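To start, the structure itself, in structure tokens.
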Amino acid sequence: MPMNAIAMHAEVTIAGVVRQLSGLQHALEVAQSEGAIQLDLGRVRAFDGAGLQLLLSLWHTAAENGCDVVLHNTPPCVATVLEELDVADRFKFGDGATGIKGN
């Protein structure tokens, strides 16, 4: 995993999303020079609609700037939501897979 990966908090829920914003803003700035935002999801234990909205908003902003969002250590709570809502294909995964099942 890249050294510049942003580690997400354990709760990517409506209660915890605000704490993530400053780190993600920095990630967007770095991504413009490196071409990708690297997110380490290994500590995430809770993920809800607000977390999904955060990831999709980040993906949308990154895509507008010609960047990818690369997810590392994707836990089941995130993988399940991305798969069930059919949005996993918007992200890249740290092992080079094109979807969660390849992780």
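Just one of (1) touching a Ser or Thr at 6+ places or on another chain (Cβ under 8 Å); (2) at pLDDT below 90; (3) closer than 19 Å to Ala31 by Cβ trips up Lys92, so point out which.
Evaluating Lys92 over (1) touching a Ser or Thr at 6+ places or on another chain (Cβ under 8 Å); (2) at pLDDT below 90; (3) closer than 19 Å to Ala31 by Cβ leaves (2) as the failure.
Quick check: is even one residue across region 52-62 more than 10 Å from Val12 (Cβ to Cβ) and touching an Asp or Glu at 6+ places or on another chain (Cβ under 9 Å)?
yes
One residue is enough: does region 34-45 have a residue meeting the conditions assigned to a loop (DSSP other than H, G, I, E, B), at pLDDT below 90 and more than 15 Å from Gly94 (Cα to Cα)? It would help to see each step written out before you state the result.
At the first step, the residues of region 34-45 found to be assigned to a loop (DSSP other than H, G, I, E, B) are 35, 41-45.
After this cut, where a residue has to be at pLDDT below 90 as well, the list is 35.
From what's left, more than 15 Å from Gly94 (Cα to Cα): none.
No, the conditions are met nowhere in region 34-45.
Please determine whether any residue of region 74-82 is touching a residue at least 40 places away in the same chain (Cβ under 8 Å) and among the hydrophobic types (A, V, I, L, M, F, W, C). Please lay out each step first, then the result.
The initial filter retains those residues of region 74-82 that are touching a residue at least 40 places away in the same chain (Cβ under 8 Å), namely 78.
Restricting the remaining residues to those that are among the hydrophobic types (A, V, I, L, M, F, W, C) gives 78.
So far as region 74-82 goes, yes, one or more of its residues are touching a residue at least 40 places away in the same chain (Cβ under 8 Å) and among the hydrophobic types (A, V, I, L, M, F, W, C).
The values are calculated or read from the model by the stated rules, or taken from the named source; none is laboratory data. All values derive from a computational prediction rather than experimental measurement. Neighbour counts run over all protein chains shown; Cβ positions are idealised from the backbone, glycine included.
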